[in-house]
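Everything below concerns the one structure shown next.
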Amino acid sequence: MPITAVSGSASGIGAAVCQALRAAGHRVIGIDRADAEVIADLSSATGRQAAISAVLEQSAGVLDGLVCCAGVGSSAVSDTIISVNYFGVTELLDGLADALAKGKQPAATVIGSIAATHTKPDQQAMVEAMLAGNEALALEHANSLGLSHVAYASSKYAVTCNARGKAVAWARQGIRLNVVAPGAVETPLHQASLNDPRFAKAVREFVAPLGRAGHPQEIAQAVAFLQSEQASFVHGSVMFVDGGMDAMVRPTRF
Ligand code: NAD
């Protein structure tokens with residue numbers, strides 16, 4: 001039975017991913033702040049190390065899959081966004097890579113976002129700091145800018161770059177790694193943006209061509225595919241699962 005660790009397993013997309021993977025025959029090690037096999041706070045370096053140690057203990061050091069779903073939205077404060085959405089993903093990837101390399105046809109998926117394509121995040125100083133692995137400097141830049149939606153877009157852009165940057169090295173270790181970029185999906189995170197007066201109007205008016213937000217299960221099915229043997233030649237990709245939002249906004253960029 002393949003063993004897959006899933007962060008953010010207690011809610012929304014992560015919970016749906018756990019359900020889909022269990023249905024596909026995986027043993028799932030969920031990681032979250034509560035209601036999970038591994039209880040850990042991914043916003044701090046200590047919490048991330050504790051998560052990695054507990055996953056290694058529960059998997060006996062051999063993992064077949066890893067799905068990084070844990071994240072916070074634009075209604076959180078900027079430094080939590082950077083710490084959870086970027087370092088809470090990249091440190092899990094790095095800390096669990098050796099265990100994945102020992103797994104059977106191992107694969108990992110990072111949950112990015114369509115937000116990564118929006119606000120020219122590549123021009124943000126906080127992105128450079130994240131990619132350099134300098135959490136303190138990234139937090140400093142994010143806090144001094146004070147725009148949580150830019151921190152969110154930047155965290156998702158940077159985490160996508162980090163994942164794609166691993167494509168060559170991870171292929172050598174036999175591990176596939178992809179990014180799923182969801183559009184709007186009905187989860188507590190999305191609801192928090194709709195409830196936030198700073199973002200409610202923009203979120204309500206940014207509707208996908210398919211005319212609705214997605215359901216967590218619709219993202220989970222894409223993740224389950226990427227984690228399966230059917231996706232054996234899919235590696236280093238960014239898969240938009242967004243009801244057509246990216247095609248609507250950037251028809252000539254892909
Ligand atoms: P959600 O709030 O339902 O789930 C997020 C999960 O992450 C929760 O279980 C939460 O407890 C966990 N988490 C948050 N901070 C954590 C921490 N410090 N330590 C451990 N766990 C923590 O939200 P969701 O919409 O399912 O989000 C899942 C992922 O999808 C996120 O990375 C999010 O950025 C991304 N995403 C969501 C949407 C959307 O519209 N819902 C769109 C694009 C991308």
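The values are calculated or read from the model by the stated rules, or taken from the named source; none is laboratory data. All figures in this text were calculated on a predicted structure; none of them were measured in a lab. In this analysis, Cβ positions are derived from the backbone assuming ideal geometry, glycine residues included, and neighbour counts consider all displayed protein chains. The accessibility values were calculated without ligands, DNA or RNA, using every heavy atom of the protein model including side chains. Shrake-Rupley method; radii C 1.70, N 1.55, O 1.52, S 1.80 Å.
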Pick from the stretch 13-26, criterion open to solvent by less than 20 Å² (accessible area, probe 1.4 Å) and under 25 Å from GLN49 (Cβ atoms), ranking: farthest from the ligand (Cβ to nearest atom): LEU21
Selection count where residues are within 19 Å of ALA99 (Cα to Cα) and open to solvent by less than 30 Å² (accessible area, probe 1.4 Å), scope the stretch 27-39: 5
Those residues of the stretch 161-195 which are open to solvent by 20 Å² or more (accessible area, probe 1.4 Å) and within 12 Å of the ligand (Cβ to nearest atom), in sequence order: ALA184, GLU186, THR187, PRO188, LEU189, HIS190, GLN191, ALA192, LEU194
Subset of the stretch 46-67 that is within 17 Å of the chain's Cα centre (by Cα) and more than 9 Å from the ligand (Cβ to nearest atom) - its residue that is surrounded by the most Cβ atoms within 10 Å (Cβ to Cβ): VAL67
Condition met for GLN173 (in contact with a Ser or Thr (Cβ under 7 Å, 6 or more places away or on another chain) and farther than 20 Å from SER43 by Cα): no
Qualifying positions in the stretch 175-224 - more than 16 Å from the chain's Cα centre (by Cα), assigned to a helix (DSSP H, G or I) and touching a residue at least 12 places away in the same chain (Cβ under 8 Å): ALA192, SER193, ASN195, VAL203
